[in-house]
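Participant: What follows is a single structure, and I will ask about it in a moment.
Bear in mind these aren't lab numbers, they're just calculated from the coordinates by the rules spelled out. Quantities reported herein were computed from a predicted structural model and do not represent experimental measurements. Glycine gets a Cβ as well: all are built from the backbone with ideal geometry, and neighbour counts include every protein chain shown.
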Amino acid sequence: GTIHYLDMTIPYLYQESETRILELLERLFIQSDFKIDISQFDSFKRYLYENLDKLSSLITRWLLSKSIPLNRFASDFLDNNEIELSFDMSQLNGASAIDHLFLAKKACGWYFMNPTIAISLMLSVFKTCPTDQIEEIQEIIFNPLMISYPKKVSKFLNKNKEELNEDKRLIIENLLKKLEDYHSALRASNNIKELQVGQAEHFAYRRYQQQMMNKAYENSDKGFLSRACPHLALHQINMQ
């Protein structure tokens with residue numbers, strides 16, 4: 001019950017002793033070898049979602065830490081909640097002053113399955129990134145994020161591009177146009193005869209699949225295969 005009571009206490013202590021609480025949690029998470037899960041800190045999570053500025057600060061701190069356990073917990077804190085979040089750019093100072101690209105990569109990597117969080121974090125770092133990092137950050141925004149989630153990412157960028165200065169807004173508009181051109185090219189490729197798969201290729205591929213399944217069936221214990229992969233055994237019977 002120790003973690004349960006700790007979780008209930010943290011929201012009351014966080015405002016007065018934020019740094020000390022974070023240091024305690026960081027040592028706990030790093031040394032736990034993932035035996036502790038964020039789901040055990042429901043009260044703390046609820047508190048952070050009610051105070052997004054503190055959530056932003058925590059996420060930024062843990063992603064800048066370059067600690068895999070803390071990166072993982074920063075990801076788990078957000079789960080599947082599609083909220084818009086910004087990095088705490090005040091933490092980019094000293095040795096981390098030029099870590100804009102680093103944070104953009106972290107946001108794309110750890111939150112890739114949640115495009116709303118990923119693009120909101122990436123745009124927040126894009127706003128103030130140095131000139132020499134603009135190109136690399138915009139490339140990450142386009143591929144893989146825009147290509148993988150065209151509707152959600154485009155909608156977010158269109159809604160928030162006016163917050164950027166003129167030069168960076170133009171870059172985002174060019175990315176949106178680039179995405180349109182990319183999809184136009186994909187649609188056009190459907191009419192290119194050389195890229196279309198014919199019946200002979202379909203037949204050859206299905207025959208190859210069947211040969212692989214026959215070989216796997218022959219090399220396996222039939223009784224075990226029937227128990228472990230009944231759908232494969234049934235398919236084999238039907239083909240016979």
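Participant: Report, as a whole number in µm² per second, the diffusion coefficient that Stokes-Einstein gives for the stretch 85-198 at 4 °C and 1.567 mPa s using the Kirkwood radius over alpha carbon pairs. All intermediate terms of the calculation are to be shown ahead of the outcome.
Facilitator: On the way: Rh = 15.0 Å.
My calculation gives 86 µm²/s for D.
Participant: Can you pull the Rg over Rh of the stretch 1-140, Cα-only, Kirkwood? Before the final figure, lay out each step's value.
Facilitator: Values: Rg = 15.1 Å, Rh = 15.6 Å.
Answer for the stretch 1-140: 0.97.
Participant: Follow-up question, since we're still on this one. Net charge within 11 Å of Lys66 by Cβ-Cβ distance, Lys/Arg positive one each and Asp/Glu negative one each, not counting Lys66 itself? Mind showing how you got there, number by number?
Facilitator: Working: positive: Lys106; negative: Asp99.
Result for the neighbourhood of Lys66: 0.
Participant: Kindly express, to the nearest 10 degrees and within the range 0 to 90, the angle between helix 68-78's C-alpha long axis and the longest C-alpha principal axis of the chain.
Facilitator: So the inclination is approximately 90 degrees.
Participant: To the nearest 10 degrees, how steeply does helix 230-239 sit against the main Cα axis of the chain, on a 0 to 90 scale?
Facilitator: Approximately 30 degrees, to the nearest ten.
Participant: Does the chain come out rounded, prolate or oblate by the C-alpha gyration tensor, with a ≥ b ≥ c the root eigenvalues, rounded set by a/c under 1.5 and, if not, prolate when a/b is larger than b/c and oblate if not?
Facilitator: Working: a/c = 3.07, a/b = 1.36, b/c = 2.26.
Oblate, because a/c is 1.5 or more while a/b does not exceed b/c.
Participant: Something else now. Return the FRET efficiency for the residue pair Asp37, Asn143: r is the Cβ-Cβ distance, R0 is 30 Å, and the value is rounded to the nearest 0.05. Could you put the intermediate results ahead of the total?
Facilitator: Details: r = 33 Å, r/R0 = 1.09.
Taking R0 as 30 Å, the efficiency between Asp37 and Asn143 is 0.35.
Participant: Would you work out the charge dipole size for the chain about its Cα centre, treating the Cβ of every Lys and Arg as +1 and the Cβ of every Asp and Glu as -1, and quote it to the nearest 20 debye? It would help to have the intermediate numbers written out before the result.
Facilitator: On the way: 28 positive and 31 negative charges, 197 e Å.
Charge dipole of the chain: 940 debye, to the nearest 20.
Participant: Given the pairs Lys105/Lys177; Lys127/Lys159; Lys45/Lys127, which are separated by over 19 angstrom at their Cα positions? It would help to have the intermediate numbers written out before the result.
Facilitator: Details: Lys105/Lys177 23 Å; Lys127/Lys159 15 Å; Lys45/Lys127 28 Å.
Pairs exceeding 19 Å: Lys105/Lys177; Lys45/Lys127.
Participant: Measure nothing fancy, just the Cα-based angle from helix 18-31's long axis to the longest principal axis of the chain, in degrees from 0 to 90, nearest 10.
Facilitator: Approximately 40 degrees, to the nearest ten.
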